[in-house]
Amino acid sequence: MDARSSRYQDVYAQWQRSPEGFWAEAAAGIDWYEKPKKIFDPSAGIYGRWFVGATCNTCYNALDRHVLAGRNDQPALIYDSPVTNTVKTFTYGRLLSEVQLLGAILREFGVEKDDRVVIYMPMIPEAVFAMLACARIGAVHSVVFGGFAAKELATRIDDGRPKVILSASCGIEGARVVPYKPLLDEAINLARHKPQACMIFQRPQCEAALTAGRDRDWRKVWENAVNYAKTSECVPVAATDPLYILYTSGTTGIPKGVVRDNGGHMVALKWSMQNFYGISPGEVWWSGSDIGWVVGHSYIVYAPLFHGCTSILYEGKPVGTPDAGAFWRLIAQHGVVALFTAPTAFRAIKKEDPKGTFIGKYDLSKFRTLFLAGERADPPTIQWAEEVLNVPVIDHWWQTETGWCIAGNPVGLGALPVRYGSACVPMPGYAIDIVDEANKVQPANKIGSIVVKLPLPPACFPTLWQQDARFKESYLAEFPGYYKTADAGYKDEDGYVYVMSRTDDIINVAGHRLSTGGMEEVLAGHPDVAECAVLGIKDDLKGEVPCGFIVLKAGVNRPPSDIEREIVALVREKIGPVAAFKLAITVARLPKTRSGKILRGTIKKIADGEPWTMPATIDDPVVLDEIGSALSARPRR
Ligand code: COA
Ligand code: AMP
């Protein structure tokens, strides 16, 4: 990896000279019905819109055009599910006919262009068919991750107001079968908005009872559609029309509905496959994420298909399905050339197989690159992966809001030297600054808020679903002229970006983005709790885990351990198992400043065993000793 042999600097400079020229060229990789009248229109939308006047169809670009171009028999999707002992390959031709069929079914349910469809499904091929079928008929999908509880699903139903919900009877989490249908029923009960219909995919591991008049059996509807040879055509949509809504944690309990458009999304993702990831059409690509997350949307489903690749859909875990060799088995069996996952997956493998002995059992000769994102990639994990795999390990930084990489090491343009702890350099489209509270640009190596100059590049969200004001307030107001990433960090003298922490209450647990504010709302809802604080503390496996401190109301004389158990169960019930909330600690008081602000930063440092200094503004210093003692008495995993 030599900076001089990389084309990165030239390509980034080309974008700086002419952003519109750059994206116009990238747009040639997409098939349009009508070409854009304007590459970028600064007067449209909140900060301008990309590819205004163009019409297109995302599903056409993912499937139809590849079939027409001769990829009919090439595998498009390989479903590999060790938890059900299944490997199933769908060629581009087969995937297209499944999606045409499901598009027709959705149309018969009354779903029209712009209608929303909620997809609450495990990692099965039908979930991918569902996303593409929505795209085909111009409907807007809203995929909800299976690890969320009914209340979270209900919030998303009320915000998106779907006409139809697509779901399955259960998910399979390692050895555990998780019934989805009771969660769906409860969510629909809780929600004010009621869908017109639900289509349920019955899995033999746990069949669900269907609600008469509302629920339809997926397989029966499918068989009927096959018998009548139902099909659907691609509906041309505006490049600026929404393709999907994906909810992500905000600073309050109410999630933010990130909107993705059709045109910009296709252009940026298609560009990224060759230029960032260095993948050629026809190659086998694997993103070991979940379709419920942005990584799953962009790199399990859309980007690899826009690029004519074969994408793997993996229903399993890095360890335990059946062992710490699962990833290597998949790479060898399917000829995977690159894997994209979260560092936490590698920490899990490293913990079980520190010497990487499983690797020797498999032929990984086709495997070229490992990409990591979703949380800060800790240097020991990167170094371990480099050693055992003997391939470049590439960290890159992005967010649900952007839909693709903000900064990373562009393997496709020629990799730059790796600097451990850095997500590397900004991608074309992103001009990154580090600013202080007064929006003043900071010099190299000085930590501050990481911000991106407006306009954001194609694929980034134009707004939040039906919440323009919240979009402006949350992302554009604090640093005028910039998009606030809510990440803090610095750039070194060569422009390498170091992403260190969030500036809000978001924590990253096993690569999953969660709001501690949302958890505090749950804790505060317990009848015995007077006050609480939730913060993320260091965890060897998951990077961070939430830890809740509670102060009980005066007069409560039940054993604190009972209340702590109830609190843990309450977070699981209200937010879901994905919150990984297992630690509630009762304390007599919370440390506060004299103005009443809880000293979260100091508590976190004590919990993480980092050096800390007594805050000058603290009300009563003794409280920190009490917190320290409560933390040292906590159960260790
Ligand atoms: N449906 C239902 N429950 C789910 C779920 C789903 N789709 N996904 C996770 N859960 C549950 C898990 O079973 C677990 O439940 P438990 O508390 O009963 O054990 C809980 O939510 C927490 O999940 P997670 O934090 O993912 O922990 P885990 O122990 O199941 O797995 C890893 C840990 C590291 C193996 C896993 O997080 C992983 O593979 N992560 C890397 C890939 C990734 O998902 N990245 C995110 C976006 S890039
Ligand atoms: P999500 O929206 O779930 O993708 O989470 C986005 C957040 O995850 C970012 O704002 C960062 O805080 C964190 N993140 C993602 N990738 C990285 C990375 N490579 N390095 C550091 N933090 C990251």
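The values are calculated or read from the model by the stated rules, or taken from the named source; none is laboratory data. Computed from a predicted structure; not experimentally measured. Don't worry about glycine lacking a Cβ; one is built from the backbone with ideal geometry, like all the others, and counts go over all protein chains shown.
The sole residue among Gly278, Gly325, Gly282, Gly308 that is more than 9 Å from ligand 1 (Cβ to nearest atom), at pLDDT 95 or above and outside the structural domain of Pro82 (by TED's automatic domain parsing) is Gly325.
Within the range 352-396, being within 22 Å of the chain's Cα centre (by Cα) and among the polar types (S, T, N, Q) holds for Thr369, Thr381. Ala616 fulfils the conditions (1) in a loop (DSSP other than H, G, I, E, B); (2) of a type in the set (A, V, I, L, M); (3) within 16 Å of ligand 2 (Cβ to nearest atom) except for a single criterion, (3).
Beta carbons closer than 6 Å, at least 6 apart along the sequence or on distinct chains, pair a first residue in the range 427-446 that is among the hydroxyl-bearing types (Ser, Thr, Tyr) with a second that is surrounded by 13 or more Cβ atoms within 10 Å (Cβ to Cβ) for Tyr430/Ile406; Tyr430/Val452.
Return yes or no: is Gly257 buried (at least 24 other Cβ atoms within 10 Å of the Cβ), part of a strand (DSSP E or B) and either assigned by TED's automatic domain parsing to the domain that holds Gly403 or within 16 Å of ligand 1 (Cβ to nearest atom) (or both)?
Working: buried (at least 24 other Cβ atoms within 10 Å of the Cβ): yes; part of a strand (DSSP E or B): yes; either assigned by TED's automatic domain parsing to the domain that holds Gly403 or within 16 Å of ligand 1 (Cβ to nearest atom) (or both): yes.
Here the answer is yes, as Gly257 does meet what is asked.
Report, by residue number, each residue of the range 489-513 that is more than 23 Å from Ile254 (Cα to Cα) and away from ligand 1 (no atom under 16 Å from the Cβ). Once the filter is applied, which keeps residues that are more than 23 Å from Ile254 (Cα to Cα) and away from ligand 1 (no atom under 16 Å from the Cβ), the range 489-513 yields Gly489, Tyr490, Lys491, Asp492, Glu493, Asp494, Gly495, Tyr496, Val497, Tyr498, Met500.
Only residues that are modelled with pLDDT of 95 or more and surrounded by fewer than 16 Cβ atoms within 10 Å (Cβ to Cβ) were counted in the range 420-438, giving 3. Inspect the range 592-599 for any residue being assigned to a helix (DSSP H, G or I) and not small (Gly, Ala, Ser) and give the result as yes or no. Looking through the range 592-599, none of the residues is assigned to a helix (DSSP H, G or I) and not small (Gly, Ala, Ser).
Let's see how each residue does on (1) crowded, with 16+ Cβ neighbours inside 10 Å; (2) in a helix (DSSP H, G or I):
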| site | (1), (2) |
| --- | --- |
| Ile157 | yes, yes |
| Pro162 | yes, no |
| Asn189 | no, yes |
| Lys194 | no, no |
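Among the criteria (1) closer than 21 Å to Asn61 by Cβ; (2) in contact with a Leu (Cβ under 6 Å, 6 or more places away or on another chain); (3) within 15 Å of ligand 2 (Cβ to nearest atom), the one Pro343 does not fulfil is (1).
For Leu243, the conditions (1) surrounded by 24 or more Cβ atoms within 10 Å (Cβ to Cβ); (2) free of Cβ contacts under 8 Å to residues at least 60 places away in the same chain; (3) more than 16 Å from ligand 2 (Cβ to nearest atom) all hold with the exception of (2). Name the residue that is nearest to ligand 1 (Cβ to nearest atom), counting only residues in the range 523-577 that are within 20 Å of Gly628 (Cα to Cα) and in a helix (DSSP H, G or I). Residue satisfying both the conditions and the ranking: Glu564. Being more than 16 Å from ligand 2 (Cβ to nearest atom) and assigned to a loop (DSSP other than H, G, I, E, B) is the requirement here; does Ala225 meet it? Considered against the rule, which asks whether it is more than 16 Å from ligand 2 (Cβ to nearest atom) and assigned to a loop (DSSP other than H, G, I, E, B), Ala225 comes out as no. Remark: Ile279 falls outside the filter, which requires a residue to be in contact with a His (Cβ under 7 Å, 6 or more places away or on another chain) and within 15 Å of ligand 2 (Cβ to nearest atom).
Return the residues of the range 578-587 that are closer than 25 Å to Ile506 by Cβ and away from ligand 1 (no atom under 15 Å from the Cβ); say none if nothing qualifies. Step through it out loud before you land on a result.
Looking only at the range 578-587, we keep the residues that are closer than 25 Å to Ile506 by Cβ, and these are 578-585, 587.
Those that are closer than 25 Å to Ile506 by Cβ and away from ligand 1 (no atom under 15 Å from the Cβ): Ile585, Val587.
Residues in the range 66-110 that are acidic (Asp, Glu) and within 30 Å of Gln196 (Cα to Cα) were compared, and the one that is surrounded by the fewest Cβ atoms within 10 Å (Cβ to Cβ) is Glu108. Among the residues making up the range 573-588, those that are closer than 27 Å to Arg156 by Cα and either surrounded by fewer than 18 Cβ atoms within 10 Å (Cβ to Cβ) or assigned by TED's automatic domain parsing to the domain that holds Leu184 (or both) are Glu573, Pro577, Lys582.
Elements of the type helices (runs of 4 or more DSSP H) sitting completely within the range 287-403 and holding at least 2 residues that are under 24 Å from Leu541 (Cα atoms) and of a type in the set (Val, Ile, Thr): these cover 343-352, 379-389. Scan the range 67-119 residue by residue and report those that are among the aliphatic types (A, V, I, L, M) and over 28 Å from Val177 (Cβ atoms). Selection gives Val67, Leu68, Ala69, Ala76, Leu96, Ala104, Val111. Within the range 465-494, the residues that satisfy the criterion of being outside any helix (DSSP H, G or I) and more than 16 Å from ligand 2 (Cβ to nearest atom) are Gln466, Gln467, Ala477, Pro480, Gly481, Glu493, Asp494.
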